[in-house]
1. Tell me the residue from Leu195, Leu173, Leu206 that is among the aliphatic types (A, V, I, L, M), at pLDDT 95 or above and under 9 Å from the mean Cα position of the chain (by Cα), please.
2. Quick one: is Phe214 of a type in the set (Phe, Trp, Tyr) and touching a strand residue (DSSP E or B) at 6+ places or on another chain (Cβ under 6 Å)?
3. Considering segment 216-268 alone, what residues qualify as being basic (Lys, Arg) and over 14 Å from the mean Cα position of the chain (by Cα)?
4. So in segment 110-119, with the set limited to residues that are part of a helix (DSSP H, G or I) and either aromatic (Phe, Trp, Tyr) or crowded, with 16+ Cβ neighbours inside 10 Å (or both), which one is nearest to the chain's Cα centre (by Cα)?
5. Given (1) farther than 18 Å from Thr49 by Cα; (2) in contact with an Asp or Glu (Cβ under 9 Å, 6 or more places away or on another chain), where does Ile240 come up short, assuming only one miss?
6. For segment 58-104, give me the residue count where each residue is crowded, with 24+ Cβ neighbours inside 10 Å and either in a loop (DSSP other than H, G, I, E, B) or at pLDDT below 90 (or both).
7. Check Asn148, Asn134, Asn155, Asn162 and return the single one that is on the phi > 0 side of the Ramachandran plot and assigned by TED's automatic domain parsing to the domain that holds Val204.
8. Of the residues Thr167, Thr177, which is farther than 25 Å from Gln120 by Cα and either in the same structural domain as Ala36 (by TED's automatic domain parsing) or surrounded by fewer than 24 Cβ atoms within 10 Å (Cβ to Cβ) (or both)?
Amino acid sequence: MPGRIIWELLQSVNAEVENVDAIRAEKVVMGLGYTAVQLSTGHVGLCYTFGSEMAPDCCQIWRKAGTLAGSPAIKIAELSLSWDLSEAVVGVAALNALSQLVIEKNLERYMIFEGNLIDQLEIRRNDTVVLIGNINPFIPKITEKTGNIFVLERNPRLRGVNVFPDTAVEEILPQATVAIITGTALANGTIDRLLELSKNAREVALVGPTASMFPDPLFKHGVSIIGGIKITDAEKILQIVSEGGGTPSFKEACKQIVIKPKQHKSFQ
């Protein structure tokens, strides 16, 4: 099982969504950049596809093609517990979609802002920022506030200049006073350890379309702020995903949102 946090997310959604067993996965779309699951309620969830990390001979989900749509959404979401990355991706997308129902039901629990995570994240001049995932648009905004930044990236093709491999995480992440973690960590089995290594940080952010999860289990494990998306045009987002689009293409079908708990730890 990829970790306790995914298990807790699954259990929480299962408990919080009314008549969850009656909700079906209406559409499952596995694109080059992202995977999308649309529910019978109309809600859509996304997960980064990790295409470069999947080996065709070990990916069970492709063998299930043609059988997923119409299945109970919670059963699809249970694939998030798989160590087969292709299954986990579909499961996390379904879990993401079900999370939208829980968030909508419990809006009073959170402070929700429209806009970019970096604009809501408190970064001080003397902070050490560790960015897990080479999220290029964030870097100039971070360096305006502090020169102490480390960027770690798993995919060698995305590293670029002055970016460390993710194997350096055990040494670098505990130095962070601000940790920014890609939401893809929810799907590849690394989120539990990354949050453990971030325990010294004043701010711990989870970011990206994949991060748009039911926040409470994440807040419980040390996340202080989530930068995700709210999909405003389900059909458009499904089209973009099916045509191989990624985050830059999502702008016309969603809006960026930032979620904090009502008692935000950095304000205490």
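1. Exactly one residue qualifies, and that residue is Leu206.
2. Criteria not met by Phe214.
3. Lys220, Lys236, Lys251, Lys255, Lys260, Lys262, Lys265
4. Going through the qualifying residues, I end up with Leu117.
5. Result: Ile240 fails condition (1) only.
6. 1
7. Asn162
8. Details: Thr177 fails: farther than 25 Å from Gln120 by Cα.
Residue meeting the stated conditions: Thr167.
The values are calculated or read from the model by the stated rules, or taken from the named source; none is laboratory data. Source: prediction; values computed, not measured. For neighbour counting, all protein chains shown are included, and Cβ atoms are generated from backbone atoms with ideal geometry for every residue, glycine included.
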